Amino acid sequence: MKPNYISPSIFRAYDVRGEYPGEVNARVVEVIARAVGRHLSPGTVIIAHDGRTSSPALAFAAARGLAEARTRTNIIDLGVATTPMFYFFVAETGAAGGIMVTASHNPKGVNGLKTVGPGAFPISGTQVGELTKRDVRDQRHAPR
């Protein structure tokens, strides 16, 4: 596998999900979070994660990616939370959006992301894939 390759198969209809660490790992999450951060309006972005052993490192990578987006983003890390708690917190705080590190009901060898915009409105995995592809392309062509 190429070092900068992100498998298009991880971008699902409702979320981003794949085998950890082969398809979804800290580098992949950082790139995706940077793209999502550039898509969201400036403001607060909420990060949370489930109880999988790989999730804290992926949440840290998401925070790093959001910081790289350089979009005047304030990051709040909820730590371990359920997905409904995450949605509630994003909606009630008026956050610009959020990233939940979870693979929901999938086996422990899988991990992923649920992404939301304002009001905890879901951003589909396919939308996240398009944002990521565009961001990676723009970064490749950016003046150095």
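The values are calculated or read from the model by the stated rules, or taken from the named source; none is laboratory data. Predicted, not measured: the structure shown is a model, and the values here were computed from it. Cβ atoms come from the backbone with ideal geometry, glycine included; neighbour counts cover every protein chain shown. Ligands, DNA and RNA are excluded from the accessible area calculation, which covers all protein heavy atoms including side chains. Shrake-Rupley method; radii C 1.70, N 1.55, O 1.52, S 1.80 Å.
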Checklist line | Filter pass, residue 10 being in contact (Cβ under 8 Å) with a residue 60 or more places away in the chain and out of contact with any Asp or Glu (no Cβ under 6 Å at 6 or more places or on another chain) | finding: no
Notebook entry, point to check: If only one of 50, 15, 77 is among the acidic types (Asp, Glu) and touching a Ser or Thr at 6+ places or on another chain (Cβ under 6 Å), which one is it?
Noted result: 50
Next item on the list: Hey, can you tell me all the residues within segment 61-73 that are open to solvent by 70 Å² or more (accessible area, probe 1.4 Å) and part of a helix (DSSP H, G or I)?
Entry: 64
Margin query: Pull out all pairs, ordered by first then second residue, where Cβ-Cβ is under 8 Å, the residues are six or more apart or on different chains, the first lies in segment 97-108 and is under 13 Å from residue 79 (Cβ atoms), and the second is in a loop (DSSP other than H, G, I, E, B) and aliphatic (A, V, I, L, M).
Written below: 100/81
Next item on the list: Return only the number of the condition from (1) out of contact with any strand residue (DSSP E or B) (no Cβ under 8 Å at 6 or more places or on another chain); (2) open to solvent by less than 10 Å² (accessible area, probe 1.4 Å); (3) more than 18 Å from residue 14 (Cβ to Cβ) that residue 46 does not satisfy.
Entry: (1)
Margin query: Criterion first (over 11 Å from the mean Cα position of the chain (by Cα), modelled with pLDDT of 95 or more and either of a type in the set (Val, Ile, Thr) or surrounded by fewer than 22 Cβ atoms within 10 Å (Cβ to Cβ) (or both)) does residue 54 satisfy it?
Written below: yes
Checklist line | Yes/no for residue 76 being farther than 23 Å from residue 19 by Cα, modelled with pLDDT of 95 or more and out of contact with any His (no Cβ under 7 Å at 6 or more places or on another chain) | finding: yes
Margin query: For the condition at pLDDT 95 or above and closer than 24 Å to residue 140 by Cα, what is the one hit in 29, 45?
Written below: 29
Next item on the list: Return the only residue of 6, 47, 76 being among the aliphatic types (A, V, I, L, M) and part of a loop (DSSP other than H, G, I, E, B).
Entry: 6
